[in-house]
Amino acid sequence: STNMPVSGLTLTFTFDEYVTIKNPRNIFLSPPQVKPPKSRLKGKSVVVTFEEDLEPDMTYTLEFTDALADNNEGNMFPGFTYVFSTGDSIDSLMVTGIVQDCSTLQPVKGATVMLYKDLADSAVFLQRPFAATKTDDWGYFCIRNIADTSYRLYAVNDGNNNNMYDPDENELIAFVD
């Protein structure tokens, strides 16, 4: 969807059966905001509202990976993603990869992978990323619908879910040189 309003936006996703929100923290908006989107169930629908205004002329990705399941069997609904823009077009580039622990080479599940337009190495401490996503069970990530520009790429074990690196919180960090 394009030309979505920047304030007061509510999205309703209606399914053909009842669903449940297994993990509301996994409903993830990119680019992330200070206040994450709120979600609630209404019949066979999931209603998502945004606590803050969105940026104008920006492409947003709302991911539901590991968040929704059908109510009866508990089957997860992996890969469900909704892309929208507050402008006239939707950005179409993406970056993919795998986050691995450097000591064991095992995949890192649930890491926050972030892209920054600000190429300063302090950006990950000081500001929210331009785009972000979470890794899956195999450490795989895909940041979709990004603009064509240069970025710095970081992955953080974001214990407090603020989409920033906090060394005082003993968060782990990885980066691409």
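The values are calculated or read from the model by the stated rules, or taken from the named source; none is laboratory data. Model, not experiment: these values are computed from the prediction. Please note: Cβ atoms are built from the backbone with ideal geometry, for glycine as well, and neighbour counts cover all protein chains shown. In case anyone asks, the SASA skips ligands and DNA or RNA and just uses the protein heavy atoms, side chains included. Shrake-Rupley method; radii C 1.70, N 1.55, O 1.52, S 1.80 Å.
Surface composition of region 1-156: carbon plus sulfur atoms hold 48% of the accessible area, using a 1.4 angstrom probe and ignoring ligands, DNA and RNA. Of the listed residues Thr81, Thr149, the order by accessible area with a 1.4 Å probe, largest first, is Thr149, Thr81. Taking all protein chains together, Leu11, Leu153 sort by accessible area into Leu153, Leu11, largest first [probe 1.4 Å].
For region 53-132, the Stokes-Einstein estimate of translational diffusion at 37 °C and a viscosity of 0.692 mPa s comes to 210 µm²/s, using the Kirkwood hydrodynamic radius over alpha-carbon pairs.
Taking amide H as placed 1.01 Å from N in the peptide plane, Val19 has its amide H under 5 Å from the amide H of Asn71, each at least 5 places away in sequence or on another chain. Out of every Cα pair in region 16-62, what percent are spaced more than 13 Å from each other? When every Cα pair of region 16-62 is considered, 59 percent fall beyond 13 Å.
Using a probe of 1.4 Å, the accessible surface attributed to Ser39 totals some 40 Å² when neighbouring protein chains are kept in position.
Entry note, the chain: relative contact order of 20 percent, from Cα contacts under 8 Å with a spacing of 6+ residues.
For the chain, a simple Cβ point-charge model (Lys and Arg +1, Asp and Glu -1, everything else neutral) yields a dipole of about 420 debye relative to the Cα centre. Largest first, the residues Tyr116, Tyr18, Tyr140 sort by 1.4 Å accessible area into Tyr18, Tyr140, Tyr116.
Taken over region 112-177, the alpha-carbon convex hull comes to 91 cubic angstrom per residue. With only Cα atoms counted, region 1-113 has Rg and Dmax values of 15.6, 46 Å. Here the Karplus relation 6.51 cos²θ - 1.76 cosθ + 1.60, evaluated at θ = phi - 60°, turns the backbone of region 13-27 into coupling constants of 10, 9, 10, 8, 8, 6, 10, 10, 9, 6, 9, x, 5, 8, 7 Hz, with x for every Gly and Pro.
In this structure the chain gives 56 Å² per residue of accessible area when probed at 1.4 Å with all protein chains present. Ile90 exposes around 60 Å² of accessible area when a 1.4 Å probe is run over every protein chain in place. So what is log10(I(q)/I(0)) for region 31-177 at q = 0.19 1/Å, when the Debye sum runs over its Cα atoms only? Computed log10 I(q)/I(0) values: -1.31.
Over the residues of the chain, the helix contribution to mean residue ellipticity at 222 nm works out to -500 deg cm²/dmol, using -39500 (n - 2.57) for each DSSP H run of at least 4.
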